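Data block below; observations after.
The values are calculated or read from the model by the stated rules, or taken from the named source; none is laboratory data. Worth saying up front: this structure is predicted, and the values here are computed from it rather than measured. All Cβ positions, glycine included, derive from the backbone under ideal geometry; neighbour counts span all protein chains shown. Just so you know, the surface numbers come from the protein's heavy atoms only, side chains and all, with ligands and any DNA or RNA stripped out. Shrake-Rupley method; radii C 1.70, N 1.55, O 1.52, S 1.80 Å.
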Amino acid sequence: MTMIKFENVSKKFPTGIFALSDVSFEVARGEFVFLVGPTGSGKTTIFRLITREILPTVGIITVNNINISKLPRKGVSNLRKKIGVVFQDLKLLMDRTIFENIVLPLEVSGIKSLDAKKRVDEVMQKVGISEQKDKFPVQLSGGELQRTAIARAVVLEPSILLADEPTGDLDSVTASGIVSLLSEINQKGTTVIMATHSQDIVNALAKRTIVLDKGHLVEDKRQEKK
């Protein structure tokens with residue numbers, strides 16, 4: 001079953017620059033897909049379109065068979081609850097503890113305090129940062145910060161997880177651990193799209209890879225494991 005579908009999507013910004021040009025692809029429910037391409041190729045634009053932060057200039061984007069361009073305000077809110085995002089700059093709140101950062105989406109969604117605490121404890125255990133719950137972001141390593149961002153992104157149990165360069169500033173061992181964590185999340189049924197520059201990671205995991213260049217989809221292939 002198709003979870004995400006782009007049909008002839010283009011995005012032109014007010015500057016006149018096309019961030020995407022006539023892009024079409026489908027992502028199946030439960031699939032793991034890499035988005036690969038140099039800076040400025042359109043990877044982050046695709047994520048912003050999927051979350052409806054921005055709208056396509058032309059073309060149709062459907063998520064779970066719903067044309068998201070036509071969603072009313074409440075529909076957009078419901079859509080975003082089903083999509084977890086690991087941002088490239090993490091967007092963690094520096095004046096809140098790790099627990100407080102992760103629990104925030106639950107609080108915003110009106111989840112009862114006891115239920116929220118239980119859920120956060122479970123997620124922190126799964127991503128391996130339980131011992132860091134009372135620390136602040138400045139006290140954590142790069143890998144621990146990424147795990148915190150992933151925990152916050154999945155705490156609402158989204159059906160889709162978008163990870164924007166989650167291993168960009170990490171050493172190879174730590175990066176491998178983060179990719180393994182994303183794979184585990186995917187194996188439990190979450191559709192995962194990961195943007196990356198790392199060909200080593202792409203080759204190691206041997207998943208489907210969508211290659212972008214200057215806003216064009218230039219290749220859509222399944223990697224052979226080496």
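For this structure, a couple of remarks:
- K91 - accessible surface, heavy atoms, 1.4 Å probe, Å² rounded to 10: 110 Å²
- Taking a ≥ b ≥ c as the square roots of the eigenvalues of the alpha carbon gyration tensor, the stretch 3-54 is prolate, as a/c is not under 1.5 and a/b beats b/c.
- Computed packing ranks the peptides 214-222, 149-157, 35-43, 197-205 as 149-157, 35-43, 197-205, 214-222, most packed first, by mean other Cβ atoms within 10 Å.
- Residue-wise HN-Hα coupling along the stretch 28-44, computed from phi with Karplus coefficients 6.51, -1.76, 1.60 (Hz; x: Gly, Pro): 7, 4, x, 7, 10, 10, 8, 9, 10, x, x, 3, x, 7, x, 4, 5
- Charges were assigned to the Cβ only: +1 to each Lys and Arg, -1 to each Asp and Glu. The resulting dipole of the stretch 1-116 about its Cα centre is roughly 360 debye.
- Mean sequence separation of contacting Cα pairs (under 8 Å, at least six apart), scaled by the length of the stretch 1-95, corresponds to a relative contact order of 30 percent.
- Gyration tensor verdict on the stretch 73-179 (Cα atoms; rounded if a/c is under 1.5, prolate if a/b is larger than b/c, oblate otherwise): oblate
- Computed over the chain: relative contact order in percent, which uses C-alpha pairs under 8 Å that are six or more apart: 28 percent
- Cross-link reach is defined here as a Cα-Cα straight distance under 20 Å, omitting same-chain residues fewer than 8 places apart; for K74 the lysines meeting it are K82.
- Protein heavy-atom accessible surface, 1.4 Å probe, per residue over the stretch 136-226: 46 Å².
- Distances between placed amide hydrogens fall under 5 Å for I66 paired with no residue 5 or more residues away or on another chain.
- Dipole size of the stretch 80-176 about its Cα centre, with +1 on Lys/Arg Cβ and -1 on Asp/Glu Cβ: approximately 480 debye, rounded to the nearest 20.
- Relative contact order (%) - the stretch 117-215, alpha-carbon pairs under 8 angstrom, separation at least six: 25 percent
- Residues whose amide H lies under 5 Å from that of T2, counting only those 5 or more places away or on a different chain, are R29; hydrogens are built 1.01 Å from N in the peptide plane.
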